[in-house]
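Asks: To start, I am sharing the structure in question, which I have written as structure tokens.
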Amino acid sequence: MDQAENKPLSNKQKIFVDEYLKCFNASEAARRAGYSGAHLHTNASKLLQITTIKDEISARLQASHMSADEALMRVSDEGRG
């Protein structure tokens, strides 16, 4: 596994991130992305240590979560409705 900091994600790594965000299981996401072999668990762990993968996961999680203010506003709207 390459630990390059600024190297763009490969297609396989992009699939890994997509699958990880669906199941939050690194080994399963690696298997779904096409990684295989006796060292699947080790490779999955190494994938999560790659800075560009960690950054992509963090950015996508941050973008998908609503803020506390938005959550409060939605609850308030629901309560008034």
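The values are calculated or read from the model by the stated rules, or taken from the named source; none is laboratory data. As the structure is a computational prediction, the values presented were derived from the model and not from experiment. Here the Cβ positions follow ideal geometry from the backbone for every residue, glycine too, while neighbour counts run over all protein chains shown. When the accessible area is computed, the model is the full protein with side chains, heavy atoms only, and any ligands, DNA or RNA have been set aside. Shrake-Rupley method; radii C 1.70, N 1.55, O 1.52, S 1.80 Å.
Asks: Pairs, please: C-beta under 9 Å, at least 6 apart or cross-chain, first residue acidic (Asp, Glu) and in the stretch 44-60, second assigned to a helix (DSSP H, G or I) and open to solvent by 50 Å² or more (accessible area, probe 1.4 Å)?
Replies: Once the first residue is acidic (Asp, Glu) and sits in the stretch 44-60, its partners that are assigned to a helix (DSSP H, G or I) and open to solvent by 50 Å² or more (accessible area, probe 1.4 Å) give Glu56/Lys14.
Asks: Sticking with this structure for a sec: Does at least one position in the stretch 47-62 carry a residue that is small (Gly, Ala, Ser), assigned to a helix (DSSP H, G or I) and surrounded by 15 or more Cβ atoms within 10 Å (Cβ to Cβ)?
Replies: If we filter the stretch 47-62 for residues that are small (Gly, Ala, Ser), which is where we start, we get 58-59.
Now drop any that are not assigned to a helix (DSSP H, G or I), which leaves 58-59.
Of the ones still in play, those that are also surrounded by 15 or more Cβ atoms within 10 Å (Cβ to Cβ) are none.
No.
Asks: Let me ask something additional. Quick test of your reading of the structure: Asp77 fulfils all but one of (1) assigned to a helix (DSSP H, G or I); (2) modelled with pLDDT under 95; (3) open to solvent by less than 80 Å² (accessible area, probe 1.4 Å). Name the failing condition by number.
Replies: Here Asp77 clears every test but (3).
Asks: Identify all residues within the stretch 32-58 that are more than 14 Å from Tyr20 (Cα to Cα), among the β-branched types (Val, Ile, Thr) and out of contact with any Asp or Glu (no Cβ under 9 Å at 6 or more places or on another chain); write none if there are none.
Replies: Thr42
Asks: Another one. Identify, from the list Ala38, Ala71, the residue that is over 13 Å from the mean Cα position of the chain (by Cα), open to solvent by less than 50 Å² (accessible area, probe 1.4 Å) and without any contact (Cβ under 8 Å) to a residue 12 or more places away in the chain. Steps first, answer last, please.
Replies: On the way: Ala38 fails: open to solvent by less than 50 Å² (accessible area, probe 1.4 Å).
Answer to the check: Ala71.
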